[in-house]
Amino acid sequence: MVLLPGRRRYVVLLGVGAAALAGLSFGGQKHAASAATLSASVVRVWRIPAVSAATADVPTDPLANEEWWRADIHIDTLTPPGPGMPVTLVDTGVDFGHQEFVGRPNLIPLDDQQPQPIGGVHGTAVASVIGAPQNGVGVVGIYPETIIRSYDASLGDGTQLPASEIANGIVAAANAGKSVINLSLGGPEDDPVIDSAILRAVRGGSLVVAASGNSGTQGDWLTYPAADPHVFTVAATTETDQVAGFSTESPYVDIAAPGVDIPVASALDNGYQNEDGTSFSSPMVAGAAAWLWTVRPDLDASQVAEILRESARDVGPPGYDNATGYGILDVQAALNWPAPQDDTPEPNDTIATATVATTRAEPAGTVAGRVETHEDPLDVLRIWLPAKRQVAVKTSSPDGVAVGLGGINRSGRTFTASLRKTTKTGHTAYVIVRPGAGVRDTTYSLTFSVRR
């Protein structure tokens, strides 16, 4: 992100070298501010002529054998589903006239998409990783028939994305209905407007996926919104399952996916080129999430995210690490993974968004949920304290949680805390649940009972 006078902007620049990036890191590593820079930086370009309708029915597209990542994330032997859960891109727009997307069903603009020569470059590349169809040209996306919604958040030159427009795009995505929202963008400063939009989307049931950033060679400074709570953060790996040198390492990384030498559609020349960057790892995971959600529509967003974490193929040091999170995306494993415990309605991190656990009419009950140190650091529950009664809270957690209730703080795997109301009238109280000391991610169950 670059701070310009009077306006905060996120910038996506496709295709420049390290010198031009000088202290900047964005969702995609190779970026450019002009067509000339882009042309000079292309690793490999294919120009495929337009094909006839008969050729477009061929299921294996010409560059599919260049997509090494398909075997790496274990989709090479799978058949993707038809249209289902949408993926929404908040990016620089998509070139609807690119040969990869001409006539593609279920490619939906949420606003005006920027024209050539620069507009749509980054967004078109990202869209091709998600949903390039099996049409006999170019590449094949991870979920070829997914519904793609595109919001163009750029300023018209396809490179600068104001925070306000990114937020508008996320809100537009939420208003269009539940989806997987992909954010292959970022900058070094948190933005409250974007944060608010993300929470609105999460509250509406969407899953927000973001690129971890490309500051790996620049000190691993945090990239936002990837470092925000309730955002599923994706790092980049190589063909040998090593973390890519540019990929930002941080405790906010959830999983990793291939992000080096990824063939993508190029809006500059109606062709194709190879790209590096977490910009292309993130849409891979977003597409996988939509695939999983389509075939298992009973899941909620938090369960989809948790399955992707739990089923990831562990690499590097055993267990979680800041480079690749819980491991590399494994679609085949995710599709067969058992459903985890569902979470209490999210986000419920504040009193204003607290989950109602008990009421005056029903002062007893049980609430189950999940907390995670960085993604979901606390759950706030609202309870009713009846007059002249004691409310006991029995807590159970496999790894340990900390519970705060009316100034009483307890922690552990199993314990009971209680609070007595001595006045003649009852009132509302709040329970705060956090991960226990040294615990990153855990589920919990709280049972409330009323005693004299």
### Message
Looking at (1) farther than 26 Å from S250 by Cβ; (2) surrounded by fewer than 21 Cβ atoms within 10 Å (Cβ to Cβ), which one does G436 not meet, given that it meets all the others?
### Response
(1)
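Are any residues in the stretch 417-432 touching a residue at least 60 places away in the same chain (Cβ under 8 Å) and either closer than 10 Å to G406 by Cα or in a strand (DSSP E or B) (or both), and if so, which ones?
Hits for the stretch 417-432 are Y430, V431.
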### Summary
The lone condition V234 fails out of (1) part of a loop (DSSP other than H, G, I, E, B); (2) surrounded by 19 or more Cβ atoms within 10 Å (Cβ to Cβ) is (1)
### Task
Within the stretch 203-223, identify whether any single residue is outside any helix (DSSP H, G or I), without any contact (Cβ under 8 Å) to a residue 12 or more places away in the chain and surrounded by fewer than 19 Cβ atoms within 10 Å (Cβ to Cβ), and answer yes or no.
yes
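Look at the stretch 379-393 and say how many of its residues are buried (at least 19 other Cβ atoms within 10 Å of the Cβ) and either among the small types (G, A, S) or within 25 Å of the chain's Cα centre (by Cα) (or both).
Here the count works out to 2.
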### Query
How about the stretch 244-292: which of its residues are surrounded by fewer than 24 Cβ atoms within 10 Å (Cβ to Cβ), among the β-branched types (V, I, T) and under 29 Å from V371 (Cα atoms)?
none
### Query
How many residues does the stretch 396-408 hold that are open to solvent by 20 Å² or more (accessible area, probe 1.4 Å) and at pLDDT 95 or above?
4
### Task
Starting from the stretch 162-186, take each residue that is farther than 18 Å from Q114 by Cβ and list its partners that are assigned to a helix (DSSP H, G or I) and of a type in the set (D, E, K, R), counting only C-beta distances under 7 angstrom and pairs at least six apart or across chains.
V171/R200; A174/R200
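Of all the residues that make up the stretch 412-433, how many are open to solvent by 80 Å² or more (accessible area, probe 1.4 Å) and within 35 Å of the chain's Cα centre (by Cα)? It would help to see each step written out before you state the result.
First, pick out the residues of the stretch 412-433 that are open to solvent by 80 Å² or more (accessible area, probe 1.4 Å): 413-414, 420, 422, 424-425.
Going one step further and asking which of them are within 35 Å of the chain's Cα centre (by Cα), we end up with 413-414.
Number of matching residues: 2.
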### Query
Mind checking which residues of the stretch 90-106 are in a loop (DSSP other than H, G, I, E, B) and either among the charged types (D, E, K, R) or on the phi < 0 side of the Ramachandran plot (or both)?
T92, V94, D95, F96, G97, H98, Q99, E100, F101, V102, R104, P105
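Out of P117, P59, P81, P49, report the one residue that is at pLDDT below 95, assigned to a loop (DSSP other than H, G, I, E, B) and within 29 Å of A333 (Cα to Cα).
None of the other options fit; the residue is P59.
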### Query
Looking at the stretch 348-363, which of the residues that are of a type in the set (V, I, T) and closer than 19 Å to P386 by Cα is surrounded by the fewest Cβ atoms within 10 Å (Cβ to Cβ)?
T359
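The values are calculated or read from the model by the stated rules, or taken from the named source; none is laboratory data. Every value quoted in this text rests on a predicted model; they were computed, and no experiment measured them. Virtual Cβ from ideal backbone geometry, glycine too; neighbours counted across all protein chains shown. Accessible surface is based on the protein model in full, side chains and every heavy atom, while ligands, DNA and RNA are left aside. Shrake-Rupley method; radii C 1.70, N 1.55, O 1.52, S 1.80 Å.
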